[in-house]
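The values are calculated or read from the model by the stated rules, or taken from the named source; none is laboratory data. If you're wondering where the values come from, they're calculated on a predicted model, not measured in any experiment. Positions of Cβ are backbone-derived with ideal geometry, glycine not excepted, and every protein chain shown enters the neighbour counts.
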Amino acid sequence: MTESKYAASGVSIDAGNRAVEMMKETVRSTYGPQVLGGIGSFGGLYDAAALKRMKSPVLVASTDGVGTKVKLAAATGRYRTIGQDIVNHCIDDILVQGARPLFFLDYFATSQLDPVIVAEVVAGIAEACREAGMVLLGGETAEMPGVYLPGEFDLAGTILGIVEKDDLLPRPDPEEGDVLIGFASSGLHTNGYSLARQVFADVPLASVLPELGVPLQDVLLAPHRSYLNVLYPRLAQVKALAHLTGGGFLENIPRILPGHLDAVVYSDGWTVPPIFRMIEALGRVAAEEMYRVFNMGIGMVAVVAKEKAAKFQRSIPEQTWIVGELTAGTKSVVLM
């Protein structure tokens, strides 16, 4: 057989087909009766008839990536958690508007397709989708030599969710005295990795550092957690949610504040995990910048009426912290 000119240019259609074949059952494991058709169609089909039973359904969509965390995944050969990262990040982004996820689409691009790597990433994506009761409806796997360096890849995803219009967050009634309740992160999540990689550039990723007690790569590659299952059943008690992604405390909390309020954050209100203190010390990063870049151990913040805070916290099956309060101001964050 004559050698394929396309393959000679660096793109293997056969490798792409093998990747699809390897991931088929994993993707199907996320399907429910609402999925029409299957893998291989030009577009995913989702039966939206259930929306007719809603009073005033609002679709909520978001697209995101996992940033330079992909470089650590490639360097360590650990790909499954990066698939969980992209799904859970997107889930949290629409959860803050009160939405439950319906389906997810992923985009994986690399210099040269390795079907085993693609299948491992998609396995992580599918696992996170199943945990959220969400369908992995479709996606794209792209091989682009010359755009990506050998061994490099990128991962992005799009999520679609649904919420009743009357249940949209943030609600219009945050007021002075409301408290900020913090939920623990599982690590850096998907933000600040360009700085973290620079700080640890000379530290072997397999090193077990005394401050951490486990290999550095385990801490840096811990998957971004989803807050869906712990928070969605309790959204009626919440006035607003802030997902602490890129921008940390200083950029994300103002996104949910009305113009006449500030958020005062008690920086001693919880124990900051060691990884953040190490980055701060080794990188000589100013404290304010740390709270602007990283989540500092708090991945989600809920705004709750002060008189309801204790009951709300008792209903949560994990430790939470009162990490601040709302005061009169101008839509800013004040670190205390």
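Observations on the model:
- The criterion of at least 1 residues that are surrounded by fewer than 17 Cβ atoms within 10 Å (Cβ to Cβ) and at pLDDT 95 or above is met by the following strands (runs of 3 or more DSSP E) wholly inside region 134-212: 153-164.
- So residue 259, is it closer than 21 Å to residue 86 by Cβ and among the small types (Gly, Ala, Ser): no
- Residue 234 meets all of the listed conditions (1) out of contact with any Asp or Glu (no Cβ under 8 Å at 6 or more places or on another chain); (2) over 25 Å from residue 176 (Cα atoms) but one, namely (2).
- Residue in region 48-56 that is more than 21 Å from residue 24 (Cβ to Cβ), surrounded by 19 or more Cβ atoms within 10 Å (Cβ to Cβ) and modelled with pLDDT of 95 or more present: no
Okay, residues lined up against (1) outside any loop (DSSP other than H, G, I, E, B); (2) touching a residue at least 24 places away in the same chain (Cβ under 8 Å); (3) not assigned by TED's automatic domain parsing to the domain that holds residue 206:
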{"position": "23", "(1), (2), (3)": "yes, yes, yes"}
{"position": "26", "(1), (2), (3)": "yes, yes, yes"}
{"position": "38", "(1), (2), (3)": "no, no, yes"}
{"position": "52", "(1), (2), (3)": "yes, no, yes"}
{"position": "59", "(1), (2), (3)": "yes, yes, yes"}
{"position": "71", "(1), (2), (3)": "yes, yes, yes"}
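- Residue within region 252-261 that is of a type outside the set (A, V, I, L, M, F, W, C) and touching a helix residue (DSSP H, G or I) at 6+ places or on another chain (Cβ under 9 Å) present: no
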